[in-house]
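Visitor: First the structure, which I've put down as structure tokens, then a few questions once you've had a look.
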Amino acid sequence: MDVPPGATPGTGAAGGATPDVPEGKAAPGGPRRSVGGWFGSVEVLAALLVLLIVFREQLAAALAGPRLQTWTTVFVSVLVQAVPFLVFGVLLSAVIAVFVPRSFWARALPRHPALAVPVASAAGVVLPGCECGAVPIAGSLIRRGVTPAAALAFLLAAPAVNPIVLAATAVAFPGAPEMVLARALASLVVAMIMGWLWLRLGRADWIRLPHRPELEGTSRGAAFWAAMRHDIIHAGGFLVVGAMAAASINVLVPERWLQTLADSPVLSVLALAVLAVLLSLCSEADAFVAASLSQFSLTSRLVFLVVGPMVDLKLISMQAGIFGRRFAFRFAPATFVVAVGVASLAGTVLL
């Protein structure tokens with residue numbers, strides 16, 4: 001098992017002494033208890049379930065309002081779309097973190113970082129997943145020695161150019177097959193540009209991958225399940241925060257504004273770019289939403305399809321959780337600007 005630079009391997013489940021733990025806190029991997037030792041996460045969950053049962057009638061009455069029903073529907077739909085792909089991504093991330101040796105990536109990717117970026121971008125074509133799964137995978141790639149520029153290029157390309165997404169786009173736009181080509185090319189170009197920009201301008205201290213003591217000093221099987229549990233809880237929590245934000249925006253933005261914005265070519269592009277960020281749709285479903293926005297031009301809808309899988313509320317939240325807030329608050333705005341520019345140019349040329 002590889003140990004991150006500067007980290008001290010622990011003995012963990014393999015035996016031996018466990019590291020010193022501050023008073024009132026549990027050792028890594030053990031049950032989390034309060035200082036008094038009486039209440040932990042299981043007890044809190046049980047108490048919440050009891051409260052839900054006791055106050056179920058009051059809760060049902062509170063959810064009866066139409067706006068709150070809309071909020072609940074959007075929140076649940078985002079989670080239902082994203083969770084299966086998040087689990088798939090976490091599973092693949094754990095496999096990469098535990099079973100794939102560093103030597104594999106040295107052979108699979110070109111040695112020169114600038115050449116590794118387009119190869120990693122093209123690798124997204126063969127992985128059926130969405131942005132929720134690509135974030136933990138990119139984190140594992142960096143841990144296994146892949147240059148961050150290549151891992152970030154894969155992170156951006158995979159959700160937009162995999163076969164499932166392209167097939168969904170073709171079905172959603174049966175009368176405009178050029179949308180599939182435009183989406184694939186524009187997404188690949190954005191991913192490569194951002195990878196090369198990271199090589200030029202990125203700083204290593206902007207990425208703060210969390211320390212993973214549960215992967216040290218244990219068998220591969222135990223490390224695999226520990227990595228799965230950690231990533232599901234960690235990335236899943238940020239996914240819930242992003243889904244809540246997307247649902248809130250969905251309720252607060254009046255639909256009549258969309259028609260007004262659609263009348264201006266420039267404003268329509270910017271409006272759908274911002275809408276893609278706020279709606280936080282899964283990349284497997286966003287083409288059908290874009291097709292329904294028939295009052296907008298094909299170019300503005302292409303911008304919607306390119307921006308959405310690369311920059312949205314839940315994705316920014318998950319990036320902050322996996323890579324750190326310093327990274328997310330720099331990388332997301334830069335990606336947004338590049339994606340809008342490239343997609344607008346691709347729409348002008350190809351559509």
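Visitor: If the chain between Arg111 and Leu267 were fully stretched, how many nm would it gain, using 0.36 nm times the residue separation less the Cα-Cα distance?
Guide: Residue separation times 0.36 nm, minus the Cα-Cα distance, leaves 51.9 nm.
Visitor: Still on this structure: Along the charge dipole of the stretch 258-328, pointing to its positive end and built from +1/-1 on Cβ of Lys, Arg, Asp and Glu, which listed residue (Ala291, Gly321, Leu302) has its Cα farthest out?
Guide: Gly321
Visitor: Estimate the FRET efficiency between Phe99 and Ala122 by the formula 1/(1 + (r/R0)^6), using the beta-carbon distance for r and 22 Å for R0, to the nearest 0.05.
Guide: In this case the efficiency is close to 0.40.
Visitor: Can you give the FRET efficiency for Glu178 and Val76, using 1/(1 + (r/R0)^6), R0 = 30 Å, r = Cβ-Cβ distance, to the nearest 0.05?
Guide: Efficiency computed from Cβ-Cβ geometry: 0.30.
Visitor: For Leu49, Leu270, Leu279, what ranking results if the residue with the fewest other Cβ atoms within 10 Å of its Cβ goes first?
Guide: Leu49, Leu270, Leu279
Visitor: Same structure, new question: Which order results if Ser292, Ser317, Ser344, Ser77 are arranged by neighbouring Cβ count within 10 Å, fewest first?
Guide: Ser292, Ser77, Ser344, Ser317
Visitor: Going by C-beta contacts inside 10 Å, put Glu178, Glu284, Glu57 in order with the fewest on the left.
Guide: So the ranking, lowest neighbour count to highest, is Glu57, Glu178, Glu284.
Visitor: Taking 0.36 nm per intervening residue step and subtracting the Cα-Cα distance, what contour gain separates Arg56 from Arg325 on full extension?
Guide: Fully extending the segment from Arg56 to Arg325 adds 93.1 nm.
Every number in this text was worked out from the coordinates using simple rules, so none of it is lab data. All of these numbers come straight from a predicted model, not from anything done at the bench. Positions of Cβ are generated from backbone atoms using ideal geometry, with glycine treated the same way; all protein chains shown enter the neighbour counts.
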